[in-house]
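If you scroll down you'll find the structure; I have some questions about it.
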Amino acid sequence: MPLFTAAERQFVEAVGRLGHCNPFTAERIACERLALGREFDETKADWNVRFEDERAHPNLVRVLQRSDALLERARATIERRPGDLGAEFPLYEGLLLTTVYHRHRHALDELIHTPQRNRGGSRPAKVYQALAADANRYLCFGDRRLPLAEPLPHLFAGFFQIRRAFE
């Protein structure tokens, strides 16, 4: 049983591209447009160059709601069928990275806005631990760990740098 239907696959491929493209280019918006199809809202579609519009932009909200639902369903399928994901692993990985990044972007923003001297050593660690726990929920199935579980500290650092770039 595949993780995604043909229609879902097109959405998941577009979401995966979102996670790998430069977030400040027109490619970002083209990926959102491809993912959402007729649901894409042209109003201030270039939210990616207007940071203040990011938090509640309807396209981003729609992409993330659908991504959350598909990620949960795919996780349940993997849990029931613990075999090799094969060709679908890159799709699952792209969906996971994009979804987890967006779930934790506000906590990363808080770290960026808190001066280093006021952060305390435990604040960045707590943000990382929350992100890692969230990601591991989709990467660890009993004794089985998907390959993306290993580089989580590096991914966290990359997510932090992306958020700094928005500043």
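Do you know which residues across the range 29-52 are part of a helix (DSSP H, G or I) and modelled with pLDDT of 90 or more?
29, 30, 31, 32, 33, 34, 35, 36, 37, 38, 39 - these are the residues of the range 29-52 that are part of a helix (DSSP H, G or I) and modelled with pLDDT of 90 or more.
Something else about it: Kindly list the number of the only condition in (1) closer than 29 Å to residue 87 by Cβ; (2) among the charged types (D, E, K, R); (3) out of contact with any Lys or Arg (no Cβ under 8 Å at 6 or more places or on another chain) that fails for residue 39.
Of everything listed in (1) closer than 29 Å to residue 87 by Cβ; (2) among the charged types (D, E, K, R); (3) out of contact with any Lys or Arg (no Cβ under 8 Å at 6 or more places or on another chain), residue 39 misses just condition (3).
Separate question: Looking only at the range 1-13, which residues are free of Cβ contacts under 8 Å to residues at least 12 places away in the same chain and part of a helix (DSSP H, G or I)?
Keep residues of the range 1-13 that are free of Cβ contacts under 8 Å to residues at least 12 places away in the same chain, which gives 5-7.
Within the range 1-13, 6, 7 qualify.
Given the criterion open to solvent by 50 Å² or more (accessible area, probe 1.4 Å), of a type outside the set (S, T, N, Q) and either modelled with pLDDT of 90 or more or under 26 Å from residue 127 (Cα atoms) (or both), identify the matching residue among 105, 80, 73. Write out each step before concluding.
Details: 105 fails: open to solvent by 50 Å² or more (accessible area, probe 1.4 Å); 80 fails: either modelled with pLDDT of 90 or more or under 26 Å from residue 127 (Cα atoms) (or both).
That would be 73, the only listed residue that is open to solvent by 50 Å² or more (accessible area, probe 1.4 Å), of a type outside the set (S, T, N, Q) and either modelled with pLDDT of 90 or more or under 26 Å from residue 127 (Cα atoms) (or both).
Any residue at all in the range 61-68 that's part of a helix (DSSP H, G or I), at pLDDT below 95 and polar (S, T, N, Q)?
no
Go over the candidates 62, 81 one by one and state the one that is under 20 Å from residue 106 (Cα atoms) and of a type in the set (D, E, K, R). Can you show your working first?
Details: 81 fails: under 20 Å from residue 106 (Cα atoms).
One residue alone meets the criteria, 62.
For residue 37, are the conditions met, namely being open to solvent by less than 50 Å² (accessible area, probe 1.4 Å) and touching a residue at least 40 places away in the same chain (Cβ under 8 Å)?
Numbers: open to solvent by less than 50 Å² (accessible area, probe 1.4 Å): yes; touching a residue at least 40 places away in the same chain (Cβ under 8 Å): no.
When the stated conditions are applied, residue 37 does not pass them.
Related question: What pairs come up if the first residue lies in the range 72-90 and is under 13 Å from residue 140 (Cα atoms), the second is of a type in the set (D, E, K, R), and their beta carbons are under 8 Å apart, counting only those six or more places apart or on different chains?
Partner pairs satisfying both residue conditions: 75/137; 82/144.
Any residue that is touching a residue at least 24 places away in the same chain (Cβ under 8 Å), open to solvent by less than 10 Å² (accessible area, probe 1.4 Å) and not small (Gly, Ala, Ser) - is there at least one of those in the range 61-69? If you could, list the steps in order and put the result at the bottom.
Initial filter on the range 61-69 (touching a residue at least 24 places away in the same chain (Cβ under 8 Å)): 62-64, 66-68.
Then drop every residue that is not open to solvent by less than 10 Å² (accessible area, probe 1.4 Å), which leaves 63, 67.
Still in the running and not small (Gly, Ala, Ser): 63.
Scanning the range 61-69, I find at least one residue that is touching a residue at least 24 places away in the same chain (Cβ under 8 Å), open to solvent by less than 10 Å² (accessible area, probe 1.4 Å) and not small (Gly, Ala, Ser), so the answer is yes.
Any residue in the range 140-167 that is open to solvent by 40 Å² or more (accessible area, probe 1.4 Å) sitting within a Cβ distance under 9 Å of a residue that is not in a helix (DSSP H, G or I)? List the pairs, counting only those 6 or more apart or interchain.
Partner pairs satisfying both residue conditions: 142/82; 144/82; 162/23; 165/23; 165/24.
Please specify each residue of the range 108-123 satisfying the condition of being modelled with pLDDT of 85 or more and open to solvent by less than 70 Å² (accessible area, probe 1.4 Å).
Of the range 108-123, the ones modelled with pLDDT of 85 or more are 108-113.
108, 109, 111, 112, listed by residue number.
Also: Considering 83, 16, which residue is in a loop (DSSP other than H, G, I, E, B) and among the small types (Gly, Ala, Ser)?
Details: 16 fails: in a loop (DSSP other than H, G, I, E, B).
Only one candidate qualifies: 83.
The values are calculated or read from the model by the stated rules, or taken from the named source; none is laboratory data. Only a predicted model underlies this, so the values are computations on that prediction, with no experimental measurement involved. So basically every Cβ, Gly included, is an ideal-geometry build from the backbone, and we count neighbours across all protein chains shown. The area values use the complete protein model at the heavy-atom level, side chains included, leaving out ligands, DNA and RNA. Shrake-Rupley method; radii C 1.70, N 1.55, O 1.52, S 1.80 Å.
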